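Input: a single structure, listed below in C-alpha cells.
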Amino acid sequence: MRGGRRPRVVYSPKVRKNRNSRGKHSFEIAELGDGQEEDDHTAPTKKKTKMPPSEQRSCVPSSNAEEILEEKLRSRILHNEEEEKELEANHGMSQSYFRVKEGNGPSKKSVNKISDIGVVEEQELREALAKLIPKHEKEQADLMQRYRTCYQKWKFQLSCGFGLLFYGFGSKKTLLEDFANSALVDGAAIVVNGYLPSVNIKHVVFTIANILWETKKKMKKKKQSASAKQKKTNGCTHPLSSNSLEDLLAFLTGDEELAPVYVIVHNIDGPGVRDDDTQLTLASVAASRHVRFLASIDNVNAPLLWDKQMACMQFKWWWLHTPTYAAYTVEGIHVPLLLAATGAVKSVRSAALVLGSLTPNAQSVFRCLADFQIAHPDDQGLAFHRLYTACREQFLVSSELTLRAHLTEFKDHELLNWRRGLDGQDCVYIPLPLDALTKLLEDLSK
C-alpha cells in the first residue's frame with residue numbers, strides 16, 4: 001500500500017555502498033531503532049559510522065564473510081608457522097657446526113700429516129724440469145729479431161743520458177747481453193747479476209773506476225809525448241789506492257772526456273741488490289757522467305725501490321716493455337722450488353741471519369752441537385748431559401740453567417728440536433741436512 005508503514009527492523013545492519021570521490025566503494029552501516037523507519041526521507045537513521053579501509057573488505061554484502069575471515073586467519077597462522085620453521089632450521093644449522101649429531105659419537109682426529117705427502121726432492125724436481133721440451137721457440141726467435149731493429153734507437157737514448165729499464169714477462173738476460181755485444185761496442189761493459197743471493201757492490205764500483213782509470217791513461221798517452229807522460233803519471237794519484245767507497249764514487253763524477261762504461265744489471269730488483277744502501281750506490285753510479293746504465297726488472301713492486309729523486313734525477317729511467325717469454329733458467333736457479341721437499345727445513349740464509357743476532361757464546365754452543373751432528377750423522381741427536389759436558393769443557397756455559405736458556409732461544413727460532421733417543425733420553429738435533437749445516441758453519445766462520 002502507498003500510505004502503509006513498512007515493518008520495523010530491530011538492530012539489523014544495513015549495508016549501503018557509496019562511491020567516493022576517487023571512484024572506490026565505501027560501505028556504511030546504519031542501525032534502526034524502535035520507531036524508526038528504513039526510508040531515509042521519512043525517518044532519519046540514528047547513527048552512521050564510516051569504517052576504515054582496512055575493515056571495509058570484511059563487510060561485504062554476502063553470506064561468506066565469515067569464511068573469508070577464517071581463510072585470512074588460517075593463512076596468517078600458516079605464514080607464522082613457516083617463519084618459525086625457517087628460524088629453527090637456521091638455528092639448527094649453526095648448532096650442527098659445533099656439535100656432533102647424537103648417536104655418532106665424538107669425531108675422530110685425523111692422523112694424516114703434511115709430511116706424509118710424497119713430495120719429491122729438489123734435485124729430482126730440477127732434473128725433471130730440465131727434461132721439459134721448450135715450446136714456441138720460433139715465436140720467441142721472431143720476437144728477438146724484432147727487438148734487434150731497436151738497438152740503435154736504444155743506444156741513442158743511452159747517449160742522451162737516460163737509463164734503460166727493461167720490463168715484461170720472460171727472462172731478459174739474453175736480450176741485454178745480445179744488445180751489449182751487438183751495439184755497445186764503443187766502450188767497456190760490466191755485467192752485474194742481481195739475481196744472485198749476494199752482490200759485492202763495492203767490487204762493482206772498484207771495477208768501474210779501474211776501467212775509467214785505464215781509459216784515462218790511454219787517452220793521455222795519445223796526447224802527450226813519452227817523457228811528458230812519464231812525469232805526469234808519476235804525479236798522479238791512483239784512485240784505487242783508497243778503500244773508501246766515497247772516493248771511488250767521486251772519481252766517477254769527473255769532468256774529463258772519457259769513453260763511456262756500460263753497466264748492465266740483470267734483475268736490479270733481485271735479492272742481492274734490493275737493499276737501500278745498494279740501490280743508493282747504484283743510483284750514484286748511474287748519475288755519473290761516464291756511466292751508461294741498463295737494468296731489467298721482473299717484480300711488479302720493483303718501482304717501490306726508488307723515490308722520485310732517484311728515479312727521475314739519478315737513474316733517469318726510460319721504460320721499455322720487452323717481454324721475451326723465455327724461461328728463467330739462470331735467474332731461478334737460486335730460488336727454492338715450492339714443490340720440493342724443503343717446507344720443514346730452515347734455509348741456510350735464514351739460520352745465518354738468526355745466529356748473527358745472537359751472542360758469541362750462543363753461536364759457539366750451536367757450533368758445538370752442529371759439529372757433533374756432522375760427525376755422527378746416524379745418531380738421533382746429542383743428549384743434554386753430553387752437550388752440557390762438551391760446552392763446560394770449552395768454557396761456554398757455567399751451569400745447566402745457562403745452557404737451557406740457549407737451547408730455549410734456539411727452539412724459539414726453530415734452529416733445533418727435541419726428540420727421544422734410542423736409550424730413552426731426550427736429545428737435541430738441528431733440523432738441517434748435512435750439506436746445509438756444513439754451509440751454515442762456513443758462513444759463520446767468515
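The values are calculated or read from the model by the stated rules, or taken from the named source; none is laboratory data. These numbers were taken from a predicted model, which means no experiment stands behind them. Please note: Cβ atoms are built from the backbone with ideal geometry, for glycine as well, and neighbour counts cover all protein chains shown. Each accessible area value is taken on the protein alone, full model and side chains, heavy atoms only, with ligands, DNA and RNA left out. Shrake-Rupley method; radii C 1.70, N 1.55, O 1.52, S 1.80 Å.
Points worth noting:
- Cβ charges +1 (Lys, Arg) and -1 (Asp, Glu), total dipole of the range 146-199, debye: 200 debye
- Within the assembled protein chains, the solvent-accessible surface assigned to Thr207 is about 40 Å², based on a 1.4 Å probe.
- Derived scalar couplings between HN and Hα for the range 312-317 equal 9, 9, 10, 5, 6, 5 Hz in order, rounded to whole Hz, by the Karplus curve 6.51 cos²θ - 1.76 cosθ + 1.60 (θ = phi - 60°), x for Gly and Pro.
- When Tyr262, Tyr429 are compared by accessible area of protein heavy atoms, the largest-first order is Tyr429, Tyr262, using a 1.4 Å probe.
- The residues Glu331, Glu177, Glu137, sorted by heavy-atom accessible surface at 1.4 Å with ligands and nucleic acids left out, run Glu137, Glu177, Glu331 from largest to smallest.
- Residues whose amide H comes within less than 5 Å of that of Ile190, counting only those at least five positions distant or on another chain, are Tyr262, Val263, Ile264 (H built at 1.01 Å from N in the peptide plane).
- Cross-link table Lys220/Lys308; Lys131/Lys202; Lys153/Lys221; Lys216/Lys316; Lys173/Lys316; Lys173/Lys217, entries beyond 28 Å C-alpha to C-alpha: Lys220/Lys308; Lys131/Lys202; Lys153/Lys221; Lys173/Lys217
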